[in-house]
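The next block holds one structure in the form of structure tokens; read it before the comments.
The values are calculated or read from the model by the stated rules, or taken from the named source; none is laboratory data. Given the structure is predicted, the values throughout are model-derived calculations rather than measurements. Methodologically, a virtual Cβ is constructed for each residue, glycine included, from the backbone with ideal geometry; neighbour enumeration extends over all protein chains shown.
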Amino acid sequence: MKWRNKGHELDSIGKNFSTVEEIYIYGAGENGTLLYEDLKIANIKITFVDSSIQKQSLGYLDCKVISPEEFFEKTPNSKKYFTVIALGSNQISVVMKKFVLHGFREGIDAYSYKNFTEFYLPIFLMYYSQKLYVKYLDVSLTQHCNLKCKACSIMTPYIKQPEHKELAALCQDIDLLFQKVDYVHSFFLIGGEPLLYPHLEEICEYIGSKYKRAIGHLVIASNGLVTLKERLIKTIKHYNIEFQISDYSKWIKQTEGKMNDFINTLTKFEIPYNRMVDLEWVDYGFRNDTGRKEKVENMENFFDSCGIDCRGLENGKFYYCFPARMCQKVLEYKEYEDEYFDLRGDGRKMELLEFSLGYNEKGYLRICSRCNGSYLNNKNFIPVAEQL
Ligand code: SF4
Ligand code: SF4
């Protein structure tokens, strides 16, 4: 979206949240728990609605739990609260219908979990409590990698002289980030392969000791082909760091043994992980410049339909599309000042929120004209992890 009223683009949505005094989370299960964690920074009263008799009598996460019957009997729709239906996707439409029949308005005082967490949550947190929430953020620690994937989305194998980031510069970036951002839901340490970074322990220690409370999930995104050292395991355990593993063993057979060893180590030390096995890759088109050559008037629509969720941090700058930023560097495309948010500048939190949600000066990034889009609007599937 193009900035037309910078700093006030979200006012019409945000004003609905200014009168709120309490939030009901309908469903005290997995989604409800995740939502509760994200809402904690708002310091707002939360009540759960759940049919579990046990939860009603004991409470849940230090909150009161009422039954669905009591909720619909005693809770008229009011500007003082709203409800998020945090049930499984198969139940949401049935329950939302019930809400509408009881006079609630979808998107005003009743939200589905998906809509709320994917769109409204950062707006609520900013307008209610002036807290800036970012859902996903990548920080690259190194350009070195132990694989050479031909279609690497960040073009790692094409970097002529890969480098490790300076530890002091990374720490400075992270300090700058948290001067403006209050909470990052998932903070990814990426590479290349981050386990090849010689200061990994130190950077985990730095982030863990200073900012863990401002991070929901601190995650190392790895291909799982490096042996974990004992000292690193201790740090990972201490700060409850998680792994996201791209498992390429289906496509690169010779990695199977190392992958299994890696998983066994995580299991042995009870380190949480998300192992991604059924991967699908799309071709952004940057590498051979095979991306669309789009007319400028269509660019804003294309950018909006892309909806990529990969914000990134580098050299004091906050990027909307981190894969594009990484490829831009490798391909030596010009970087434009109006396409990143300078964390050293005097831009306000509200503007950074808008930027993070997809507003910018032109309504798109110039590099989008060379790109086929993200996995949401791009059907150019390519082989996963094919090696050079
Ligand atoms: S996709 Fe990942 S594992 Fe493959 S080259 Fe790129 S950074 Fe390395
Ligand atoms: S269209 Fe391509 S370059 Fe533009 S935001 Fe989406 S993924 Fe990034």
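Among the residues of this structure, Tyr336 does not count as one that is crowded, with 20+ Cβ neighbours inside 10 Å and without any contact (Cβ under 8 Å) to a residue 60 or more places away in the chain.
Okay, residues lined up against (1) within 26 Å of Ala385 (Cα to Cα); (2) away from ligand 2 (no atom under 16 Å from the Cβ):
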| residue | (1), (2) |
| --- | --- |
| Gln143 | yes, yes |
| Ser153 | yes, no |
| Gln179 | no, yes |
| Gly191 | yes, yes |
| Tyr197 | yes, yes |
| Lys212 | no, yes |
| Gly224 | yes, yes |
| Ile233 | no, yes |
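If a residue has to be modelled with pLDDT of 95 or more and basic (Lys, Arg) to count, how many in region 105-149 make the cut? Total meeting the criteria: 3. Among the candidates Lys212, Lys234, the residue that is assigned to a helix (DSSP H, G or I) and more than 21 Å from the chain's Cα centre (by Cα) is uniquely Lys234. Looking at the structure I just gave you, is Lys55 exposed (fewer than 12 other Cβ atoms within 10 Å of the Cβ) and in contact with a strand residue (DSSP E or B) (Cβ under 9 Å, 6 or more places away or on another chain)? Answer is no for this residue. Residue pairs whose Cβ atoms lie under 8 Å apart, separated by 6 or more positions or on different chains, with the first residue in region 172-200 and in contact (Cβ under 8 Å) with a residue 24 or more places away in the chain and the second in a helix (DSSP H, G or I) and among the acidic types (Asp, Glu), are Tyr183/Asp38; His185/Asp38.
Is it the case that region 98-117 has a residue that's within 20 Å of Ser356 (Cβ to Cβ), part of a helix (DSSP H, G or I), in the same structural domain as Glu22 (by TED's automatic domain parsing) and in contact (Cβ under 8 Å) with a residue 60 or more places away in the chain? Checked region 98-117: at least one residue is within 20 Å of Ser356 (Cβ to Cβ), part of a helix (DSSP H, G or I), in the same structural domain as Glu22 (by TED's automatic domain parsing) and in contact (Cβ under 8 Å) with a residue 60 or more places away in the chain. Looking at region 232-269 only, could you name the residues that are of a type in the set (Gly, Ala, Ser) and farther than 20 Å from Val219 by Cβ? Answer for region 232-269, where residues must be of a type in the set (Gly, Ala, Ser) and farther than 20 Å from Val219 by Cβ: Ser249, Gly257.
Output the residue which, of all residues in region 362-385 that are more than 10 Å from ligand 2 (Cβ to nearest atom) and either of a type outside the set (D, E, K, R) or surrounded by fewer than 14 Cβ atoms within 10 Å (Cβ to Cβ) (or both), is nearest to Cys149 (Cα to Cα). Ranking the candidates gives Ala385 first. Note on region 47-63: residues that are closer than 21 Å to Val95 by Cα and either outside the structural domain of Gly88 (by TED's automatic domain parsing) or touching a Ser or Thr at 6+ places or on another chain (Cβ under 8 Å) (or both) amount to 4.
In the set (1) over 30 Å from Met326 (Cα atoms); (2) out of contact with any strand residue (DSSP E or B) (no Cβ under 7 Å at 6 or more places or on another chain), Met126 fails one condition alone, (1).
Exactly one residue out of Thr83, Thr142 is crowded, with 21+ Cβ neighbours inside 10 Å, closer than 26 Å to Ile207 by Cβ and of a type in the set (Val, Ile, Thr): that is Thr142. Looking at Glu69, is it outside the structural domain of Asp182 (by TED's automatic domain parsing) and under 29 Å from the mean Cα position of the chain (by Cα)? Against the criterion (outside the structural domain of Asp182 (by TED's automatic domain parsing) and under 29 Å from the mean Cα position of the chain (by Cα)), Glu69 does not qualify.
Restricting Ile271, Ile263, Ile245 to residues that are within 16 Å of ligand 1 (Cβ to nearest atom), modelled with pLDDT of 95 or more and not basic (Lys, Arg) narrows the list to Ile245. Inspect all residues belonging to region 301-316 and state whether any of them is in contact with a Phe, Trp or Tyr (Cβ under 7 Å, 6 or more places away or on another chain) and either without any contact (Cβ under 8 Å) to a residue 40 or more places away in the chain or away from ligand 2 (no atom under 16 Å from the Cβ) (or both). No. Listed by first and then second residue, the pairs linking a residue in region 145-156 that is under 21 Å from Cys310 (Cα atoms) to a residue that is within 6 Å of ligand 1 (Cβ to nearest atom) and not hydrophobic (A, V, I, L, M, F, W, C), with Cβ atoms under 6 Å apart and 6 or more places separating them unless they lie on different chains, are Cys145/Thr156; Cys145/Gly191; Cys145/Gly192; Cys145/Glu193; Thr156/Gly192.
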